[in-house]
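Worksheet: the structure to be examined is printed underneath.
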Amino acid sequence: MLTQMFDHFRKKCVYQISMDAKNNHSLPPVYHLFGDLTSLQTKKRKRILSDFGYDPSLRRPLEKMESGSWNQNNLKLLKKIFADPMYRKLVLHLKSINSSFFVFFSLLSERKFRPRISFNFLNDLIQIPNRSQEEVLNIIQILEELQILTSARLPQSVSELIAMEQSRIENLAKNSFTESIFFYPDPPFEGDVWIQPILSNLALFEEGKRQHNCVYDYDEKIREGRFYLYHITGKVPCTVSFLKIDEDWYFDQIAGPCNKPADPDTYHRLEAWRLRHGILILGDVFRLGKAPTWMLD
């Protein structure tokens with residue numbers, strides 16, 4: 001009789017201890033983004049997400065965020081990415097989510113660009129956890145050029161993407177212009193002795209041949225009013241592009257022959273010209289206190 005009572009008491013104690021442990025489990029530190037961890041301790045993780053308006057299935061990606069990426073802006077961006085069916089599965093299968101991930105998707109959002117990408121490509125991209133904004137922007141610009149070609153295969157790594165771009169540049173150099181000449185809409189800014197707008201598809205084709213790049217891929221986007229390109233003369237001849245977001249024009253990129261960097265003098269001259277014409281750069285929307293539309297989606 002005493003043995004039975006003791007066994008019953010022991011089982012009850014073990015059960016109570018296990019229940020206490022379950023109820024007092026430690027939340028991963030990332031949940032501090034939702035408030036004080038002590039006050040959230042009694043809630044299940046999916047319930048916390050639900051209470052704050054997040055998809056409960058976001059729990060796994062959330063807990064993969066590296067500590068250097070813990071902030072409210074990234075949390076909102078992760079919510080937006082995860083809600084997109086094109087990227088949902090990719091995000092779920094990543095082993096970690098770091099700064100390079102958020103720089104990549106933040107720039108995509110700013111540019112209103114939604115490319116098809118493979119899991120292998122995204123996973124390779126974030127293997128370098130702190131890629132610079134300039135490096136990621138260059139990757140995105142190549143993706144934009146390749147996206148125009150619906151038949152282009154999806155690159156499986158960043159190095160393959162760059163190799164595909166180089167191959168296309170080499171093929172373009174072998175081609176000749178066979179289309180009817182089309183004059184683009186008026187340029188958004190007047191040129192100068194050293195910087196001139198590219199006014200037609202023929203001029204754009206010749207720019208690509210001369211500079212050994214793929215600027216002709218911008219033909220349709222220029223016709224639609226989303227981009228405008230200029231040619232710069234100087235120590236290193238360059239092609240410079242500007243991107244229209246809503247009603248504002250932004251500096252996009254500048255490159256010399258074979259996409260090599262421009263020389264410092266050209267950078268300085270272009271910066272002064274940009275400021276005179278009120279051309280923005282990505283990031284100015286935050287300094288000016290203007291909320292870009294993609295933040296409000």
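Side notes on the structure shown:
- Cβ-Cβ under 8 Å pairs, at least 6 apart or on other chains, region 176-196 side under 16 Å from Arg226 (Cβ atoms), far side open to solvent by 60 Å² or more (accessible area, probe 1.4 Å): Phe182/Arg223; Tyr184/Leu199; Tyr184/Arg223; Pro185/Arg223; Pro187/Leu199; Pro188/Lys244; Phe189/His277
- Close pairs (7 angstrom Cβ cut-off, 6 or more residues apart or separate chains): farther than 19 Å from Phe101 by Cα and open to solvent by less than 80 Å² (accessible area, probe 1.4 Å) in region 52-74, polar (S, T, N, Q) and part of a helix (DSSP H, G or I) anywhere: Pro56/Ser50
- Summed over region 188-208, residues that are part of a helix (DSSP H, G or I) and more than 29 Å from the chain's Cα centre (by Cα) total 3.
- Test: residue in region 232-241 that is open to solvent by 20 Å² or more (accessible area, probe 1.4 Å), modelled with pLDDT under 90 and either in contact with a Lys or Arg (Cβ under 7 Å, 6 or more places away or on another chain) or aliphatic (A, V, I, L, M) (or both): yes
- Being part of a strand (DSSP E or B), touching a residue at least 60 places away in the same chain (Cβ under 8 Å) and surrounded by 17 or more Cβ atoms within 10 Å (Cβ to Cβ) is a property that Leu270 lacks.
- Residue match in region 127-148 (condition: touching a Phe, Trp or Tyr at 6+ places or on another chain (Cβ under 7 Å) and small (Gly, Ala, Ser)): no
- Filtering region 236-251 for residues that are among the small types (Gly, Ala, Ser) and assigned to a loop (DSSP other than H, G, I, E, B) leaves an empty set.
- Out of Phe113, Phe104, Phe82, sole residue that is assigned to a helix (DSSP H, G or I), open to solvent by less than 80 Å² (accessible area, probe 1.4 Å), among the aromatic types (Phe, Trp, Tyr) and within 22 Å of Tyr250 (Cα to Cα): Phe104
- Pairs, first at positive phi in region 20-40, second modelled with pLDDT of 90 or more, C-beta under 9 Å, six or more apart: Gly35/Ile48; Gly35/Phe52
- Only one of the numbered conditions (1) open to solvent by 20 Å² or more (accessible area, probe 1.4 Å); (2) in contact with a strand residue (DSSP E or B) (Cβ under 6 Å, 6 or more places away or on another chain) is not met by Asp186, and that is (2).
The values are calculated or read from the model by the stated rules, or taken from the named source; none is laboratory data. Values in this document were obtained by computation on a predicted structure and should not be read as measured data. Reconstructed Cβ throughout: ideal geometry from the backbone, glycine too, with neighbour counts over all protein chains shown. Remember, those area values only see protein heavy atoms, side chains included, never the ligands or the DNA or RNA. Shrake-Rupley method; radii C 1.70, N 1.55, O 1.52, S 1.80 Å.
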